[in-house]
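S.K.: Let me give you the structure first, and then I'll get to my questions.
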Amino acid sequence: MRLTTVGVDADDTLWHHETVFRLTQDRLAELLSPFAAEADLRAHLAEVEARNLRFYGYGVKAFTLSMIETALAFAGDNSGAVIREILAAGREMLTHPIEPLPGVEATLRTLADRYRLVVITKGDLLDQERKVAASGLGELFSAVEIVSEKTADTYRRLFDRHGAGAARAAMIGNSLRSDILPALEAGAFAAHIPYHLTWAHEAAEAPIGQPRFAELPSICEVPAWLERCDPG
């Protein structure tokens, strides 16, 4: 069996993402400190984000709307100045510099010589396209797929479109919930590369006894792992 396609997550796999969100949450906590305890604020924001996913999806714009809703809940009629700061923070997030994580570019160049590479990411269409372009990595990918949710059906469809099906594909990413478990369910190989921060919504337990799964300390380990998966 010859693997044909490697899907690669974007945020926190190719470049920093959650770090920027955490810094913006810190900024929100400071802005709302006269109105709420930090722990209460963070817990409320997490609840609002989870509730709003079905309305706004993922990404900076959705996060900004959830921050505004949180500000209104705690500051009420006094939230005008805070909302202006939240909107400014959202714009800064949307223009934040994109720098590939260590080892990413060299690894992708190695993989691009052997497999069809496809970015498979969630988030806002314009922002994700911007980040791919700003990263300087776009030329290494055969396609960029920005989806509303990552499910087993999503991976089956995309690996059929960009290769010979999920059985002959692998998915690389930092999220067990989105990148690993549904890709394995679809029949693909999957390598989890942990990032030092994980959004609570993406938390999940690692699979046990799954021969197509691996947890790797760095994206630099991916080419050797794929060779073990695909000795042909």
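We did not get these values from a lab; they are worked out from the coordinates using the rules stated. Model, not experiment: these values are computed from the prediction. Cβ atoms come from the backbone with ideal geometry, glycine included; neighbour counts cover every protein chain shown.
S.K.: Counting just the Cα atoms, what span does segment 18-94 cover along each of its three principal axes? Round to the nearest Å and put the largest first.
M.R.: Cα extents, longest axis first: 29, 24, 22 Å.
S.K.: Then there's this: For segment 104-202, what does the relative contact order come out to in percent, with C-alpha contacts under 8 Å and a separation of six or more?
M.R.: Worked out over segment 104-202, it gives 21 percent.
S.K.: Same structure again: For the chain, what is the relative contact order in percent, using Cα pairs closer than 8 Å and at least 6 residues apart in sequence?
M.R.: 26
S.K.: For the peptides 200-211, 132-143, what is the packing order when you average, over each peptide's residues, the other Cβ atoms within 10 Å and list the highest mean first?
M.R.: My ranking of the peptides, most packed first, is 132-143, 200-211.
S.K.: Neighbour counts of other C-beta atoms within 10 Å: give me Leu14, Leu216 arranged from fewest to most.
M.R.: So the ranking, lowest neighbour count to highest, is Leu216, Leu14.
S.K.: Just report the Cα centroid separation between segment 159-232 and segment 25-54, whole Å.
M.R.: For segment 159-232 versus segment 25-54, the Cα centre distance is 32 Å.
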